[in-house]
Amino acid sequence: MTASYIIDAVRTPRGRGKMGKGALTGLHPQELLAQTLNALQRRGGWDAREVGDVIAGCVSQVNEQGANIARNAVLAAGWPLDVSAVSLNRFCGSGLQAVNFGAMGVASGAMDFVVTGGVESMSHLSLGADGGGQDGGNVRLRERVYQVPQGISADLIATLEGITREDVDAWALRSQRQAARAIEENRFAKALFAVKDPATGAVLLERDEYPRPDTTAQGLAALKPAFVAMGETAVGPNGETLDGIALAAYPRAKRIQHVHTAGNSSGIVDGAAVVALASERYVKTQGLKPRARIRAMATLGTEPLLMLTAPAPVSEKALRMVGMKARDIDLWEINEAFAAVVIQTTRALGIDPERVNVNGGAIALGHPLGATGAMLLGTALDELERTGKQTALITMCIGGGQGIATIIERV
């Protein structure tokens, strides 16, 4: 097995994911990904016929995002008909999984050049749009493990870990401030391209639309917990509530402290991101100048009711693969699905918070499910180059009790 190299990474700005209110809501998801593919190709100047495959993550693969959105985006982009494409779903980890699968392909010699990433139009297809819920409605599976919604899991983690409402609000405020500074200093400019109306050519969006730089501690504290009513919902065969089901599995919690709000949870947005990867042989024969190489990739399953605690152990798994420790990583991108997830991961690994999400995260910028992993990798890559640092680790919690991690090293 040889190395896998990151040639380039681009992304759309994140648009607000509410129909009619966000700048990207009028754009078909296929067109969103197609424009991202073309932006990557224009920057690199390579021939699209060289692409061995396009691998794209997308979580809600129904309606506009069904019918193998990756293949239809390749067609919408006007790329050669013989460029193949596949769509995958590892929930929130889909975009990073697409990158990892592509890296495996070029490192193994099965492919030389591949484009990976993801897309999600949450204004078109909101959370749970595929109708599968937590478990596809499998009653027999529920007898083995009853999975609760992620918001309940996040609040349960906060309760078990002693993470307070003040803690999660403080992290949310930090995310907003870090993102505001990054935008003001144009730290995202290298990866961004302007999304246009395919019919008129008019620019729809050229900057991230979701951040709220005027966020205050007082404003965050005034928001009501988002999952109280959900936790009180009776769903079990004997009228058990979601909170009750969670507490039955973790009785030491005694009572779930609902601390997550709309202000300290990830934002609902539209967006797409892609990453070009190449084999060592292709880099040499084509005279390419890679920006980084992928050092390690890992996935891991964890207990599916608690669900969101895998980022720490999966990061340790990836670090072990290359003989590294958490302290050896210069920059961390830990997806801010919920503030408690990042806090719990940072504490568990003993990471200096100053190395974590230095340009904000999904609380401020938004979390376009299938695209986020590729976005985080691109953000980490740009920050490594901006600061002259060497290594970054990108990790994400995943629904159903999974985690994913990728270590990159700047070339």
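Right, LEU32: closer than 24 Å to ARG281 by Cα, assigned to a helix (DSSP H, G or I), open to solvent by less than 10 Å² (accessible area, probe 1.4 Å) and not hydroxyl-bearing (Ser, Thr, Tyr) or not?
Criteria not met by LEU32.
Could you figure out which of (1) surrounded by fewer than 12 Cβ atoms within 10 Å (Cβ to Cβ); (2) among the hydrophobic types (A, V, I, L, M, F, W, C); (3) touching a strand residue (DSSP E or B) at 6+ places or on another chain (Cβ under 9 Å) isn't true of ALA222?
Just one mismatch for ALA222, condition (3).
From THR261, THR216, THR299, THR200, grab the single residue that is farther than 26 Å from VAL119 by Cβ and open to solvent by 10 Å² or more (accessible area, probe 1.4 Å).
THR216
Touching a residue at least 12 places away in the same chain (Cβ under 8 Å), open to solvent by less than 10 Å² (accessible area, probe 1.4 Å) and part of a strand (DSSP E or B), is that true of VAL119? Working first, answer last.
Numbers: touching a residue at least 12 places away in the same chain (Cβ under 8 Å): yes; open to solvent by less than 10 Å² (accessible area, probe 1.4 Å): yes; part of a strand (DSSP E or B): yes.
Considered against the rule, which asks whether it is touching a residue at least 12 places away in the same chain (Cβ under 8 Å), open to solvent by less than 10 Å² (accessible area, probe 1.4 Å) and part of a strand (DSSP E or B), VAL119 comes out as yes.
For region 374-411, enumerate the residues that are surrounded by 24 or more Cβ atoms within 10 Å (Cβ to Cβ) and farther than 24 Å from GLY323 by Cβ.
ALA374, MET375, GLY378, THR379, CYS397, ILE398
Please verify whether region 115-126 includes one or more residues that are of a type in the set (A, V, I, L, M, F, W, C) and over 24 Å from LEU277 (Cα atoms).
Checked region 115-126: at least one residue is of a type in the set (A, V, I, L, M, F, W, C) and over 24 Å from LEU277 (Cα atoms).
I need a count of the residues in region 57-83 that are small (Gly, Ala, Ser), open to solvent by 40 Å² or more (accessible area, probe 1.4 Å) and closer than 17 Å to LEU40 by Cβ.
Residues in region 57-83 being small (Gly, Ala, Ser), open to solvent by 40 Å² or more (accessible area, probe 1.4 Å) and closer than 17 Å to LEU40 by Cβ: 2 in total.
How about region 261-287: which of its residues are of a type in the set (Asp, Glu) and part of a strand (DSSP E or B)?
Hit for region 261-287 is ASP270, nothing else.
This table checks each residue for (1) of a type in the set (Phe, Trp, Tyr); (2) farther than 21 Å from ALA262 by Cα; (3) not in a loop (DSSP other than H, G, I, E, B).
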| position | (1), (2), (3) |
| --- | --- |
| GLY151 | no, no, yes |
| ILE163 | no, no, no |
| GLN176 | no, no, yes |
| ILE183 | no, yes, yes |
| THR200 | no, yes, no |
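Determine whether region 83-98 contains at least one residue that is aromatic (Phe, Trp, Tyr) and more than 29 Å from MET307 (Cβ to Cβ).
Within region 83-98, not a single residue is aromatic (Phe, Trp, Tyr) and more than 29 Å from MET307 (Cβ to Cβ).
The values are calculated or read from the model by the stated rules, or taken from the named source; none is laboratory data. If you're wondering where the values come from, they're calculated on a predicted model, not measured in any experiment. A quick note on method: Cβ atoms are made from the backbone with ideal geometry, for glycine too, and the neighbour counts reach across all protein chains shown. Protein only, heavy atoms only, side chains kept; ligands, DNA and RNA dropped before computing areas. Shrake-Rupley method; radii C 1.70, N 1.55, O 1.52, S 1.80 Å.
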